[in-house]
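The values are calculated or read from the model by the stated rules, or taken from the named source; none is laboratory data. All values derive from a computational prediction rather than experimental measurement. In this analysis, Cβ positions are derived from the backbone assuming ideal geometry, glycine residues included, and neighbour counts consider all displayed protein chains. Please note that ligands, DNA and RNA were not included when accessible areas were found on the heavy atoms of the full protein model with its side chains. Shrake-Rupley method; radii C 1.70, N 1.55, O 1.52, S 1.80 Å.
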Amino acid sequence: MVTIVGSYNVTPNQPTPKDPSWLSDSDQNGVLGHVANVYIYEANPNSNTIERLRNSLSKLLVYYYPFAGRFSLTKSGRIEVDCNATGVTLIEAKTSHTLDDYGDFSPSKLTEELVPDIDYTPPIEEIPLLLLQFTRFHCGKGLAIGVVISHPMTDATGVTQFMNRWAKLARGEELNPNEIPFLDRTLLKFPHQPSSQRVDQPELKPVLQLEQKKNARWSGALLKLKSSQVERLKKKANDEPSREGARPYSRFESIAAHIWRCASKARAESGENSNSNHPTIVRFSVNFRNRLLTPPIPENYLGNALARTMTPKCYEGDIISKPLGYAAQKIREAVNAVTGEYVKSQLSVGLGQEQVDHIRAFFMGQGHGTKPAYARDHNILLTSWMNMPVYEADFGWGKPMQFTLAHVFQQVDRVGIFPSPDGDGVVVYLNFETAQLQLLKKLFYADMYVSSL
């Protein structure tokens, strides 16, 4: 059980610009609500830790001042940020559980207590865009920092950069010029293109969805892949001769293909997939900072610099029966589809009436803005943090011992790939229907050592 010790509204410690902040289509086309992750430390916090966190956060918000603002709805139905410096919420808490009670910190009701709970009953215009929770574990050993941020404000890269900058200031250091966030989102403002000039965008189209399983529950798990196991998967994916001149499948392509295959097998063994010709797709986003566009988007760009993509049409029976390289090739095709023209086309499509209606409903309190186009129906939402420096968030008490998403998501099959805290391989986050997850966990390691055919 978590007890709130104190709740603090933290504002920038200097005056900041008041002009509204425009949000790009990339910011508003995804989840509109908040997303949560959590950093776990083995440190023993001292009595002035919360004061140090408050002061350094207040200093950082001078650079990240849009985070201290609030959303507003324009007449055209777009979201913008009212940069009113109202502040972000920092919660101080303690839990009756010890560090060891959480095991490997697989997402559960326990980990959900380590991040702020969002109350969506007030008007959206009054809800903080960023909430943080500092939690002390029982018996004085260990602490957690939970992060809950409104997704339109930034993507995973932006969150990671924010946390690492906050940690640096908390250690008493100053930011370098290249660590100051780039705030001008109009870099992603492109003129509206007629449909005849656009690159095809299948990932923006809705997919057929199964009815929700009323009594089914989803669960989360964290599974480790050592570097040697990752290399084994790469070798397995590259067993079949590739086309001349093609590069070998990467870590990401091989791991994603392995997870996709295991999930397909788990569905088949659970009895859900009785039809091997059932379509299956994997959806994910590609970060286009510093690449694809001319001029390039800066690495320190604050916002969602993401292009959404999806694997081409294929069937679960083929993912199961064909070599791992087959699934890896489908992942590659989704990655390769994201070109500069593809990104520009995606950003020039506009929000569309359906998304504008979704935004208006969000402001009217009719949902938390988490309507996914990929829900259920043998689809997987994949997020990769594997190259992000999440373990650089050292606030002066050492690097995190674990980083993960905090929540279990219902009615959605989700996967995350994170760097391993010890630098050896990766950690895979799995969020699947509970019965299927148990099968998937067994297949995850066993399938690695089965012949590729």
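Taken over segment 84-108, the criterion of being of a type in the set (A, V, I, L, M, F, W, C) and outside any strand (DSSP E or B) is satisfied by Ala85, Leu99, Phe105.
Please find, within segment 137-161, the residue that is least open to solvent (accessible area, probe 1.4 Å) out of those that are polar (S, T, N, Q) and in contact with a strand residue (DSSP E or B) (Cβ under 7 Å, 6 or more places away or on another chain).
Ser150
Taking segment 217-237 only, how many residues are at pLDDT 95 or above and part of a loop (DSSP other than H, G, I, E, B)? Residues flagged as at pLDDT 95 or above and part of a loop (DSSP other than H, G, I, E, B) within segment 217-237 amount to 1. Among the residues examined, Arg261 qualifies as surrounded by 19 or more Cβ atoms within 10 Å (Cβ to Cβ) and modelled with pLDDT of 95 or more. Restricting attention to segment 114-136, the residues that are more than 21 Å from the chain's Cα centre (by Cα) and either open to solvent by 20 Å² or more (accessible area, probe 1.4 Å) or closer than 17 Å to His151 by Cβ (or both) total 7.
Right, Asp82: at pLDDT below 95 and charged (D, E, K, R) or not? No.
Kindly indicate whether Thr111 is in a strand (DSSP E or B), out of contact with any His (no Cβ under 6 Å at 6 or more places or on another chain), within 21 Å of Ile4 (Cα to Cα) and open to solvent by less than 40 Å² (accessible area, probe 1.4 Å). Before the answer, list the steps.
On the way: in a strand (DSSP E or B): no; out of contact with any His (no Cβ under 6 Å at 6 or more places or on another chain): yes; within 21 Å of Ile4 (Cα to Cα): yes; open to solvent by less than 40 Å² (accessible area, probe 1.4 Å): yes.
Judged against the criteria, Thr111 is not a match.
Let's see how each residue does on (1) open to solvent by less than 50 Å² (accessible area, probe 1.4 Å); (2) under 30 Å from Pro191 (Cβ atoms); (3) over 21 Å from the mean Cα position of the chain (by Cα); (4) small (Gly, Ala, Ser):
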{"site": "Thr3", "(1), (2), (3), (4)": "no, no, yes, no"}
{"site": "Val10", "(1), (2), (3), (4)": "yes, no, yes, no"}
{"site": "Thr16", "(1), (2), (3), (4)": "yes, no, yes, no"}
{"site": "Leu23", "(1), (2), (3), (4)": "yes, yes, no, no"}
{"site": "His34", "(1), (2), (3), (4)": "yes, no, no, no"}
{"site": "Ala93", "(1), (2), (3), (4)": "yes, no, yes, yes"}
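Pairs are defined by a Cβ separation below 7 Å, a sequence spacing of at least 6 or placement on different chains, a first member in segment 95-121 that is closer than 18 Å to Leu223 by Cα, and a second member that is in a loop (DSSP other than H, G, I, E, B) and open to solvent by less than 40 Å² (accessible area, probe 1.4 Å); the pairs so defined are Pro107/Ala406; Pro107/Val408; Ser108/Val408; Thr111/Phe105; Thr111/Ala406. Scan segment 46-62 and tell me whether some residue there is closer than 30 Å to His358 by Cβ and part of a strand (DSSP E or B). Checking segment 46-62: not a single residue is closer than 30 Å to His358 by Cβ and part of a strand (DSSP E or B). Among the residues of segment 38-60, is any in contact with a Ser or Thr (Cβ under 7 Å, 6 or more places away or on another chain), more than 30 Å from Gln366 (Cβ to Cβ) and open to solvent by 10 Å² or more (accessible area, probe 1.4 Å)? So far as segment 38-60 goes, yes, one or more of its residues are in contact with a Ser or Thr (Cβ under 7 Å, 6 or more places away or on another chain), more than 30 Å from Gln366 (Cβ to Cβ) and open to solvent by 10 Å² or more (accessible area, probe 1.4 Å).
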